[in-house]
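Notes to accompany the following structure.
The values are calculated or read from the model by the stated rules, or taken from the named source; none is laboratory data. Quick caveat: nothing in here was measured; it's all calculated off a predicted structure. Note: ideal-geometry Cβ built from the backbone for every residue, glycine included; neighbour counts use all protein chains shown. Ligands, DNA and RNA are excluded from the accessible area calculation, which covers all protein heavy atoms including side chains. Shrake-Rupley method; radii C 1.70, N 1.55, O 1.52, S 1.80 Å.
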Amino acid sequence: MIIMLEPDSARRDAIVEAIVKVAERYPGIAAKSYEFTGARHSFTEVHLVGPTAGVPTAAFESLPGVSRVVRVSTRYRLIGRHDPRTETVGFTYNGVRFDDAAVLVFAGLCAVDSPESVDAMMAALAREGVVTTRMGAYKPRTSPYDFQGLGKACLPYVFELAGKHGIRVVAMEVTDARHVDEITRALAAAGDPTGVMLQVGTRNAQNFELLKLVGQQQRFPVLFKRGMGITLEESLNACEYIASEGNPNVVFCLRGVKTHLGDPHRNLVDFAHVPVVRRQTRLPVCIDPSHSVGRADAAPDGLSDIFHVTGQGLIAGASMVLIDFHPRPEAALCDGPQALRLEQLPGFLAYVRTVRAAYETLKTPG
Ligand code: PEP
Ligand code: MN
């Protein structure tokens, strides 16, 4: 059971205390309060766990300062949007705001291959005023004979160049505790010039030990990529795992699902789920058009399918885009066919702004 307080209550502590007092009347019930800070409001909830079936909601509904009491099944207790009026809470990390108020574009290399590629990519982002990027160092690949990423060897120059170009957050996949340690050490050695968002890749969407690991630390936010062969509900439960371990700073990323019915795209684009995830959870929603489509071919209108699906995700309310670029896609060691060229970056950003502006005119204010 979740008891929600009126937002921004000045009497928060007293109201929580009154709720806890009432909860204590029921044997076996534990109460825990959670604070969420959104862009406009802060919210407090008291979660009751234990045999709540015998606890009447009316016992709390009548308390002053309580706005709503909902019975929830154990699923999505923390990430769920239990009240449609609640805003997407989001979080701020290293000066960058993650919520649904604006679109963040994480454009960068699928896999780091050289300091020159990283420098060229980040210089292009800096020219456009973009402070967020993706840089894969640890690449889980389908074939053991494919390039696995440069690993910790590339971290010093990735972080140093990020500092040089004013990049504030680098999204980087991790598959193991060792990777988080290596990132932490490399950041410290470089003087913490940037921030890192830990990516849980689609292949690890149900790696529960990894989910717990990224959930047990709060230094880095997490970009969770939907499992390509599991249900949406299973992927959302994976995010609940992360939050339940103590890290609420999670973004949910749609990246397509595996089926030959998506051919000739690499995956079947699943951006119709953007509004579903937004309705069911309070997580900011990201789309990854590159891994969804898997190829950079243009349609007769001159726009690549990658642009078109980006538009589909943004017009549906996504507020983050993870996208592959490369200075020389033909020479990229990983996923070159889906990488856009650096010359396409200004046009891509203009496209994002146009679609987002259209969305802003279409949505009804919350
Ligand atoms: C990636 O973003 O680099 C990646 C490997 O994506 P996914 O886990 O969605 O395949
Ligand atoms: Mn890739």
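Tabulated data
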quantity	calculated
Contacts under 7 angstrom Cβ, first residue in the stretch 217-245 being more than 18 Å from L78 (Cβ to Cβ) and within 16 Å of ligand 1 (Cβ to nearest atom), partner open to solvent by 40 Å² or more (accessible area, probe 1.4 Å) and modelled with pLDDT of 95 or more, 6 or more apart	G227/Q206; G227/E234; M228/K258; G229/K258; I230/Q206
Where I183 falls short, out of the listed (1) touching a Gly at 6+ places or on another chain (Cβ under 9 Å); (2) within 16 Å of ligand 1 (Cβ to nearest atom)	(1)
Within the stretch 288-307, tally of residues that are among the charged types (D, E, K, R) and open to solvent by less than 10 Å² (accessible area, probe 1.4 Å)	1
Condition check for L322: within 16 Å of ligand 1 (Cβ to nearest atom) and surrounded by fewer than 24 Cβ atoms within 10 Å (Cβ to Cβ)	no
Residue in the stretch 36-90 that is farthest from A14 (Cα to Cα), counting only those that are assigned to a strand (DSSP E or B) and of a type in the set (S, T, Y)	T37
Candidate set: the stretch 103-122, residues that are more than 20 Å from the chain's Cα centre (by Cα) and farther than 17 Å from V169 by Cβ; chosen: the one most open to solvent (accessible area, probe 1.4 Å)	E116
Condition met for R11 (open to solvent by 60 Å² or more (accessible area, probe 1.4 Å), within 30 Å of F159 (Cα to Cα) and either of a type outside the set (G, A, S) or free of Cβ contacts under 8 Å to residues at least 24 places away in the same chain (or both))	no
Test for L161: is it assigned to a helix (DSSP H, G or I), of a type in the set (A, V, I, L, M, F, W, C) and open to solvent by 10 Å² or more (accessible area, probe 1.4 Å)	yes
Residue ID - most open to solvent (accessible area, probe 1.4 Å), chosen from residues in the stretch 14-52 that are closer than 20 Å to S244 by Cβ and among the aromatic types (F, W, Y)	Y34
Tally of residues being outside any helix (DSSP H, G or I) and either open to solvent by less than 10 Å² (accessible area, probe 1.4 Å) or in contact with a Cys (Cβ under 9 Å, 6 or more places away or on another chain) (or both) across the stretch 123-147	10
